[in-house]
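The values are calculated or read from the model by the stated rules, or taken from the named source; none is laboratory data. Computed from a prediction, not measured in an experiment: that's the story for all the values here. All Cβ positions, glycine included, derive from the backbone under ideal geometry; neighbour counts span all protein chains shown. Surface accessibility is based on the protein's heavy atoms, side chains included, excluding ligands, DNA and RNA. Shrake-Rupley method; radii C 1.70, N 1.55, O 1.52, S 1.80 Å.
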Amino acid sequence: MQGPCLIEVIPPIGTQQSRGLPGTWSLEKDILHLATGSFGTLALPISEISGFSLDGPVLTLFLKQRKVLLARMGGGAETLLDLLERRWPILRSEALRLTGRGEPRSYACVFGDLDSLAQPGRAVVFDDLLLVFQTGQDLSPIFLPLVENVLLDEEAYALALKGWDGWTFTFSRLGPRLEEFAERVTRGRAALSAEASTLLRACLPSLDAFALMAVSSAWLPGRLISLEELSTLSSDLPGALRALVAGLPRRREAEALHHGLSHRDVYFALAPPSAAAPEPEEAPLGPDGDACTPADGQPPPALLWMAVRRGGHWILEALSEGDRATYAFEAGDEGPKLLSMVLCAPQFSREALYLPMDRLTGERAPLAAAARELPFLRDLRARLKARALHTSFEAWKKSLAI
C-alpha cells in the first residue's frame, strides 16, 4: 500500500522546517516508509508508534518524542488508518511485552472507567489480558487476574469489569459481538481460576476441597492478597502457607520480613513456575541455611511471592527461587496493585524494573519500550529504593533496613 501525502514533523527535524513537505507513504512488512525530497526516507516501525488519530483529512502518528502529521492523502488516509487499526495493536503489544496467552481477538467498542467519559476505541482480548486503546492513545492493559467480577448487562448491551480495589471498566456498543466478547473474557477468567486451583493443590495439599474452591476463585495467579484476606477465605490457609514457606529457599528471609507485622501488612501471590530464560541475580550461597533449592531438592511447583509493608515502603521477595534479588519500593496503599500488575505482566523481566535506561541496549534493547512507556512499570521504576542481593543474610537485612 502506498500513496502521496504532505508530511509535517513536530517538533521539526534539525533546523529545517518540515511543514507541508510533499512526499509519499508506503507500508511494507509492518514498516511505514515516509519519503520526501528534502529528508530522504524515514523507515518507521509500526511498533514504535504510541498512538494515532484521524482528524478530518489529517492522520496524526504519535511517537515517544515527536508526532508526524500526514495530510492531502485523499482516500489513503482511511486506508492507512484501517491498516494501523488491524496491525498496530499486536505489533505494539509485542514491543511493550504485553502479549498474553492464546489467540488475540480485536473488538471495536466504546469504553471507559468511573473517572472518565466512555469513548470509542478498541479492545484486544487474550486469555489472560485485555489491551484497550482509544484515539491518539497508547495501549493500556487490564490484567484478568485483577478482575473480581465480569458482569453482562444485556438490557444496556454492556459488559462491566470490576476490580478487587474498587475500579470499574465498562464496554458497550459491541453490537452482535457483545456476547462473544463477554464469553471470551468470562472464559479467560474461569481458566485462570482453574489454573489457580491446580497451583494450590500442588503447593498447599492440606487445603480441603471447599477451601480450595473459595481460595482459587479469588487468589488468581499473580495477584497479591493480604494474609488477613486469605484468612477470611480459609482459616487453614495461614498454617498451610507456613508449611509451604518452611521448605522454600527463602524461608529465613520470609521470617525476617514477616517479623513484627500484622496479617494486613503481609501479602502473597502464586504464579506458574517461570518459563523465561534465567536472569541470575547472584551466586548460590554455601551451607549457612540460605539454600537455593527446596528442602526436598525438588523444584517448586509454583512461584510464591511475598510482599510486606514496612512504613512507607513495600518489599517484594520471591520465596521459591534462589536467584532473585529483593526489591524495595516507596509506596502507600497503591503498593499491592502496582506490584500485582508487574507480577501479572505476561513477559515480565526484572531487568526492565531496575536497570537504567542507558543500559537497556544490545540484547536488552527489547525491554526499553516497556520500561520507558508502560505507566505502571515506569511508576515502579521511579519508586524503586533498593535492590538487595543475597550475598549474605546479614548484608541482605542491612540493605533493606530490617
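Residue 155 meets all of the listed conditions (1) part of a strand (DSSP E or B); (2) open to solvent by 60 Å² or more (accessible area, probe 1.4 Å) but one, namely (1). For the structure I just gave you, tell me whether residue 211 is under 30 Å from residue 265 (Cα atoms), assigned to a helix (DSSP H, G or I) and of a type in the set (Gly, Ala, Ser). Yes: the conditions hold for residue 211. Going through 234, 193 one at a time, which residue ends up being within 30 Å of residue 156 (Cβ to Cβ) and of a type in the set (Ser, Thr, Tyr)? One residue alone meets the criteria, 193. If you go through segment 317-369 and pick out every residue that is open to solvent by 30 Å² or more (accessible area, probe 1.4 Å), in a loop (DSSP other than H, G, I, E, B) and among the hydroxyl-bearing types (Ser, Thr, Tyr), you end up with 1. If you filter segment 21-50 down to residues that are among the small types (Gly, Ala, Ser), surrounded by 12 or more Cβ atoms within 10 Å (Cβ to Cβ) and part of a loop (DSSP other than H, G, I, E, B), you find that the one that is modelled with the lowest pLDDT is 38. Could you list all residues from segment 116-139 that are in a strand (DSSP E or B) and surrounded by 18 or more Cβ atoms within 10 Å (Cβ to Cβ)? Correct list: 121, 122, 123, 124, 125, 129, 130, 131, 132, 133, 134. On the stretch given as segment 228-247, residues that are under 18 Å from residue 317 (Cα atoms) and either open to solvent by less than 10 Å² (accessible area, probe 1.4 Å) or touching a Cys at 6+ places or on another chain (Cβ under 9 Å) (or both) total 2. In segment 376-400, the qualifying residues are those that are free of Cβ contacts under 8 Å to residues at least 12 places away in the same chain and open to solvent by 70 Å² or more (accessible area, probe 1.4 Å), and the one that is nearest to the chain's Cα centre (by Cα) is 378.
Within segment 70-106, the set of residues being assigned to a strand (DSSP E or B) and open to solvent by 40 Å² or more (accessible area, probe 1.4 Å) comprises 105, 106.
Annotation: residue 160 fulfils all but one of (1) surrounded by 15 or more Cβ atoms within 10 Å (Cβ to Cβ); (2) without any contact (Cβ under 8 Å) to a residue 60 or more places away in the chain; (3) within 20 Å of residue 242 (Cβ to Cβ); the unmet one is (3).
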